[in-house]
Amino acid sequence: MKNRKFVIGLIALVVANVIWGLMAPIIKGLLNMDVMSGMTVSALRIMGGTILFWLINFLAPAKMVKREKVQKKDWLMLVFGGIVYIVGTMALTNIGAEYTYPVDAVVCCSTAPLFALACGAIFYYHKFPAFTKILGVLLGLFGVLIFIFTTEDNPAMHVSNPFIGDILCVISQICNAVYLVFFVEITSRYTAFTMMKWMFTFACVAILPFTITDVMAVPWATLSGEAVFDLTYIVILASFVCYLLISLAQHSVTPTLIAMGNYIQPLTAAIASIIIGMAVITVYNIIATALIFIGVILVQRNTGKLQTKV
């Protein structure tokens, strides 16, 4: 029975990361249609996720979804998490995807463990990291810098400013790292479903006033079938199903293995982007990706609490 739960959790983990990896070229394709901005996609992603979480909350039987009462002291943290983690991570990643290559965006979005380690060592409860972890952070950051300073514009692929795009994707992972470090205590008190339900809700409240005009301005009646498919994939699969799959995986798969699952994303994004002509892999890409992955591996050795999500 235990092995069966582990296999189910492992399958859920792999499927979630493949979906997230494929999201990079899909969201780039949607943005290239010029029917909506990255910020609008973020708003739709957050709004759709919020609606789906609450539908499951009301419709699913109690044995499937635990209804938990949130303590008063935790409400402010959930609001903070909704703004910093959900809005910050999603919006900055989606806006960054407007300006850079899908593969660059996904690789830059795998750096959260590097920033989480540094943030935890400086501001919170982690003891000063060992030399290998410091080396991992430095290698990873060096890899990010290679990405940022060597990627060139390519108007033919709708890559207008990869420097800005990569920077935004890295900042999104700093937001992710803040969540990973400062929410360790609260995540031990509630299920992932409860956490995501409320954080998506507060994120929706925060982003809606600034994006409702853009959402209403989308030419919904004339959207192509491809645009509808892309948006459905992003909102339902990548923003709702994946979080539920990761929630399922957390019950039987170790946090370290969940974090390691993120390496599936760049590989998936690279293969898909090359096939559809959205990416050209250069020597700089390979070197930078290798440095980031080596850095993350060094950082995550014996660091079970570091987990990342797109």
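The values are calculated or read from the model by the stated rules, or taken from the named source; none is laboratory data. Please read all numbers here as calculations on a predicted model, not as lab measurements. All Cβ positions, glycine included, derive from the backbone under ideal geometry; neighbour counts span all protein chains shown. SASA here: full protein model, heavy atoms, side chains in, ligands and nucleic acids out. Shrake-Rupley method; radii C 1.70, N 1.55, O 1.52, S 1.80 Å.
Among the listed residues M90, M47, which satisfies the condition of being open to solvent by 20 Å² or more (accessible area, probe 1.4 Å), of a type in the set (A, V, I, L, M), in a helix (DSSP H, G or I) and under 23 Å from P209 (Cα atoms)?
Exactly one of M90, M47 is open to solvent by 20 Å² or more (accessible area, probe 1.4 Å), of a type in the set (A, V, I, L, M), in a helix (DSSP H, G or I) and under 23 Å from P209 (Cα atoms), namely M47.
For L180, are the conditions met, namely being at pLDDT below 90, in a helix (DSSP H, G or I) and farther than 15 Å from M47 by Cβ?
Yes; evaluated as a whole, the condition is true for this residue.
Among the residues of region 179-202, what is the count of those that are closer than 11 Å to M77 by Cα, of a type outside the set (A, V, I, L, M) and either surrounded by 20 or more Cβ atoms within 10 Å (Cβ to Cβ) or in contact (Cβ under 8 Å) with a residue 40 or more places away in the chain (or both)?
Of the residues in region 179-202, 5 are closer than 11 Å to M77 by Cα, of a type outside the set (A, V, I, L, M) and either surrounded by 20 or more Cβ atoms within 10 Å (Cβ to Cβ) or in contact (Cβ under 8 Å) with a residue 40 or more places away in the chain (or both).
Every residue in region 213-246 that is assigned to a helix (DSSP H, G or I), farther than 13 Å from S42 by Cβ and of a type in the set (A, V, I, L, M), please.
M216, A217, A221, A227, V228, I236, L237, V241, L244, L245, I246 - these are the residues of region 213-246 that are assigned to a helix (DSSP H, G or I), farther than 13 Å from S42 by Cβ and of a type in the set (A, V, I, L, M).
Among the numbered criteria (1) within 26 Å of A272 (Cβ to Cβ); (2) at pLDDT 75 or above, which one does L135 miss?
That leaves (1) as the condition not met.
May I ask you to list pairs of residues, at least six apart or on different chains, whose Cβ atoms are under 9 Å apart, with the first in region 8-28 being closer than 23 Å to G225 by Cα and the second being of a type in the set (K, R)?
Final answer for the pair search is W20/K309.
Can you report the number of residues in region 95-111 which are part of a helix (DSSP H, G or I) and over 10 Å from the mean Cα position of the chain (by Cα)?
Residues that pass the stated criteria total 11.
If I ask for residues that are modelled with pLDDT of 70 or more and open to solvent by 40 Å² or more (accessible area, probe 1.4 Å), which ones from region 242-262 would you list?
Residues satisfying the conditions are L244, L248.
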